[in-house]
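See below for the structure under consideration.
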Amino acid sequence: MRKIKYSWGALAGRGSKWEKMSGENARMVPRDTHEERKKQEAKRRGKLKTVAGKMLKAVAGGKEAAEEKAGGEDVAGKLLKTGTSRKDEEGQMPAEETICGFIEQGKFFEACDHIYDLEHSGNDGVGKSESLYTLLAEQMWTVVGEALSGSGGMFLEPLQSVGESLRWEKQKEAEWLGSSQETDSVSTWSPNFWRKDLEEKLIQYMTAQIPPFGSSSNTDETALKQHLNHLETAFLPSLEHRSGVFKEAGLFTTYARCCHASLSSHLSALTGSNHFSFRQCLLVYEWGLKMYRSSSETCLGSRQSPQHSPSLGVQHVMWIVLKTEEKLLAVTRKEVGKALKEAFDIGKPPCADAAVIQILVEKTEAAGHVSENLSEKVEAVCLEECLSFLESYENEVRSFIQLDCYPGICSSLRILENCCILRTVWRKLTYIYSVSTGQDIKVNGFLDRMEDEITEHFLQTVTSTVKGTLKEHFKKCDSGFDHILESLKQSFLAFGKKKTDTYEALIKAVNTIIITEYIQALLTTSRKSSSVQRRGIISKIEEDHSMLQTIFKECLGPTAGSLKDPIKAILELIQTSDAEGMKIALLPILKEFPDLRKEHLSAVLDIKDSLSREDRASLLKVFHDNCRESETEANLLFADIEVKPRKYGLCGCLCC
């Protein structure tokens, strides 16, 4: 059999009554008086007369089918009058007329039985039954609509018959499936769609009673509180008020399910907005939890009779709470991830670790005020998002390292500072959150790898930059060396985590690189310079040394005094006026820098233009007598400085 589809507007009378009834401000509560009852009955009778007249004309045979339209409708009007005794040749009223009489009187259950008998009687009973089932459904939904409009009391008996008809349909369907008849016939049987149609009508009406919250981008928490309060104090009580007649009619389970379906759909639409924040989702969750805890007073189903499941309403409210919780945790993950990305953007100055802690902890604390269980779940999501962010940040750092065109020194320091902040944040979180050993190991692994990789990249960048600048430093008036030092100083001074081991170790490493590259350039240039150039070199060394001292004292503070200073030692050696004084100055140099080799000293002595060959030889002899093995010494400075030895000494021998 084919499926019959119905129009809700037509079923309610094809007028605007249903729309008015289901509007946002509809509150139609007619007085239950004798006159009002007569008006309602007369109106309903008039609707049915028109429909029944058309129906009878469609299903009647013989001469009745050939009568004019006006005459047919007149017959239908007479037929629908109580006590009509029009009979056929055998003295019996036609089945169609009997069924229409039951429908008009609101005896839908009796009509069901008669239509079913007609359906299985042969003689085109199937075709006639389809039309009668349509008529029956239209009138049942009209009764339901009137009951929802506030006139439920006067429609109790017809509404009870609607409930009996739905139970009749379920019983017949079970009998049909238990027989040898094809299941396809069951699936297309008109009454098979009644229950679904009833739920659609109920949900449509209930949804229309919910006032709109506003635009989906409304992020006003006060407006949301007012909206939820309206649902609690107006919407739910109005549905509860109308539930009584449906309970008496045996339709309470369907009614309650539709109530919660409409409410859950509305709340899901609210929290499903991309503009809904964590705080707003938490408000909805808190409201749902409140409804769940006080379901005996406010939720539908709280006053259910014993034949209904006492947990029906509670189960639906709990489902709403769980769905809201899912959205809340998803929003938590989204907001935490976004906040971490913004806080540790490589292109922006690093943020304070306290701000990052607040981003994470404030959500957990807010959730804790609502539910301890929710707080634990929010905490778990925050920790998971931290791990996820660190993994993505590590990949971002590696991509940055591969981009040679990216401004290296400043951004590398920024990443290193971010690593310091992340390490501080994580250490604090281990005291606030329940961090597992596995999570702690994983996070520290991320941070160790990132620090090692970016530190190596940073030092390589500094080395290549300084090396390129010093290549012509002693031959040009302005090589740009001072600009490099100033840029480094500003970057270091902007580093927020100066009291960390990472910062101090980094400064010392940069100092070693600069000193090493400086001496390398100095010793390489000294052997290729004229006497005039050598005197200029000494003056430049003094200026550079003073500038280096100032910069590293600003960056390191008092600990800068522990840095090795070979430039100062070289200046003191070559500025000593006599050979004996130079021998005395050489001894502490050999002690402090045991990796100093003969070619290094020879290149340094080349800078002192006034040194005689004899004095040079005696100084080299002092070096030979006092030098010691340096392979096992730590923090060697001269070991990596390459100076090509002279092919022949100044005197033509191999000794100098």
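Out of everything in segment 345-359 that is farther than 24 Å from Thr437 by Cβ and of a type outside the set (A, V, I, L, M), what residue ends up being surrounded by the most Cβ atoms within 10 Å (Cβ to Cβ)?
Applying the first criterion (farther than 24 Å from Thr437 by Cβ) to segment 345-359 yields 345-352, 354-355, 358-359.
When the remaining residues are screened for being of a type outside the set (A, V, I, L, M), the result is 345, 347-351, 358.
On the way: Asp345: 14, Gly347: 8, Lys348: 10, Pro349: 9, Pro350: 24, Cys351: 17, Gln358: 13.
Taking the candidates together, the pick is Pro350.
On the basis of being surrounded by fewer than 21 Cβ atoms within 10 Å (Cβ to Cβ), at pLDDT 80 or above and either outside the structural domain of Ser238 (by TED's automatic domain parsing) or in contact with a helix residue (DSSP H, G or I) (Cβ under 9 Å, 6 or more places away or on another chain) (or both), does Arg167 make the cut?
Working: surrounded by fewer than 21 Cβ atoms within 10 Å (Cβ to Cβ): yes; at pLDDT 80 or above: yes; either outside the structural domain of Ser238 (by TED's automatic domain parsing) or in contact with a helix residue (DSSP H, G or I) (Cβ under 9 Å, 6 or more places away or on another chain) (or both): yes.
Judged against the criteria, Arg167 is a match.
Condition check ((1) surrounded by 20 or more Cβ atoms within 10 Å (Cβ to Cβ); (2) touching a strand residue (DSSP E or B) at 6+ places or on another chain (Cβ under 9 Å); (3) part of a helix (DSSP H, G or I)) across all residues:
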site	(1), (2), (3)
Gly250	no, no, no
Tyr255	yes, no, yes
His260	yes, no, yes
Ser264	no, no, yes
Ala269	no, no, yes
Asn274	no, no, no
Val284	yes, no, yes
Trp287	yes, no, yes
Met291	yes, no, yes
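How many residues does segment 613-628 hold that are outside any helix (DSSP H, G or I) and surrounded by 11 or more Cβ atoms within 10 Å (Cβ to Cβ)?
First pass over segment 613-628, keeping only residues outside any helix (DSSP H, G or I): 627-628.
Checking the rest, the ones that are also surrounded by 11 or more Cβ atoms within 10 Å (Cβ to Cβ) come to 627.
The qualifying residues number 1.
In segment 535-593, how many residues are small (Gly, Ala, Ser), closer than 17 Å to Ile515 by Cα and surrounded by 14 or more Cβ atoms within 10 Å (Cβ to Cβ)?
So the answer is 2.
Within segment 340-375, work out how many residues are acidic (Asp, Glu), over 14 Å from Val425 (Cα atoms) and in contact with a Ser or Thr (Cβ under 8 Å, 6 or more places away or on another chain).
1
Looking at Lys442, is it touching a residue at least 40 places away in the same chain (Cβ under 8 Å) and assigned to a helix (DSSP H, G or I)?
Working: touching a residue at least 40 places away in the same chain (Cβ under 8 Å): yes; assigned to a helix (DSSP H, G or I): yes.
In short, yes.
Hey, among the residues in segment 182-217 that are small (Gly, Ala, Ser) and over 24 Å from Gly163 (Cα atoms), which one's modelled with the highest pLDDT? Working first, answer last.
The first filter runs over segment 182-217 and keeps only residues small (Gly, Ala, Ser), leaving 185, 187, 190, 208, 214-217.
Then keep just the ones that are over 24 Å from Gly163 (Cα atoms); that gives 214-217.
Details: Gly214: 70, Ser215: 58, Ser216: 52, Ser217: 56.
Step by step, filter segment 182-217, then rank; the result is Gly214.
Among (1) modelled with pLDDT under 90; (2) farther than 20 Å from Ala234 by Cβ, there is one condition Ser294 misses while meeting the rest; what is its number?
The number of the failed condition is (2).
What residue, among those in segment 497-526 that are part of a loop (DSSP other than H, G, I, E, B) and surrounded by 15 or more Cβ atoms within 10 Å (Cβ to Cβ), is modelled with the lowest pLDDT? Give the derivation first.
Residues of segment 497-526 that are part of a loop (DSSP other than H, G, I, E, B), as a first pass: 497-500.
Okay, now just the ones that are also surrounded by 15 or more Cβ atoms within 10 Å (Cβ to Cβ), so 497-498, 500.
Working: Lys497: 77, Lys498: 74, Thr500: 80.
Filtering segment 497-526 for residues that are part of a loop (DSSP other than H, G, I, E, B) and surrounded by 15 or more Cβ atoms within 10 Å (Cβ to Cβ), the one modelled with the lowest pLDDT comes out as Lys498.
Checking the conditions here, which among Glu362, Glu379, Glu342 is surrounded by 17 or more Cβ atoms within 10 Å (Cβ to Cβ), among the acidic types (Asp, Glu) and either assigned to a helix (DSSP H, G or I) or without any contact (Cβ under 8 Å) to a residue 40 or more places away in the chain (or both)? Can you show your working first?
Details: Glu362 fails: surrounded by 17 or more Cβ atoms within 10 Å (Cβ to Cβ); Glu342 fails: surrounded by 17 or more Cβ atoms within 10 Å (Cβ to Cβ).
None of the other options fit; the residue is Glu379.
So that you can scan it fast, the table gives a plain yes or no per residue for (1) assigned to a helix (DSSP H, G or I); (2) within 30 Å of Phe400 (Cα to Cα); (3) not assigned by TED's automatic domain parsing to the domain that holds Phe495:
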{"site": "Thr324", "(1), (2), (3)": "yes, no, yes"}
{"site": "Arg333", "(1), (2), (3)": "yes, yes, yes"}
{"site": "Lys348", "(1), (2), (3)": "no, yes, yes"}
{"site": "Ala355", "(1), (2), (3)": "yes, yes, yes"}
{"site": "Gln358", "(1), (2), (3)": "yes, yes, yes"}
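Mind counting the residues in segment 529-584 that are under 60 Å from the mean Cα position of the chain (by Cα) and part of a helix (DSSP H, G or I)?
Of segment 529-584, the ones under 60 Å from the mean Cα position of the chain (by Cα) are 540-568.
Within this subset, residues satisfying the condition of being part of a helix (DSSP H, G or I) are 540-562, 566-568.
So the count comes out to 26.
Every residue in segment 337-355 that is touching a Phe, Trp or Tyr at 6+ places or on another chain (Cβ under 8 Å) and closer than 18 Å to Glu394 by Cβ, please.
Kept after step one, since they are touching a Phe, Trp or Tyr at 6+ places or on another chain (Cβ under 8 Å), are these residues of segment 337-355: 337, 340-341, 344, 346, 350-351.
Those that are touching a Phe, Trp or Tyr at 6+ places or on another chain (Cβ under 8 Å) and closer than 18 Å to Glu394 by Cβ: Gly337, Leu340, Lys341, Phe344, Ile346, Pro350.
For segment 306-358, which residues satisfy the criterion of being modelled with pLDDT of 85 or more and out of contact with any helix residue (DSSP H, G or I) (no Cβ under 8 Å at 6 or more places or on another chain)?
Leu322, Glu326, Ala330, Lys334, Lys338, Glu342, Asp345, Ala354, Gln358, listed by residue number.
The values are calculated or read from the model by the stated rules, or taken from the named source; none is laboratory data. Please read all numbers here as calculations on a predicted model, not as lab measurements. Positions of Cβ are generated from backbone atoms using ideal geometry, with glycine treated the same way; all protein chains shown enter the neighbour counts.
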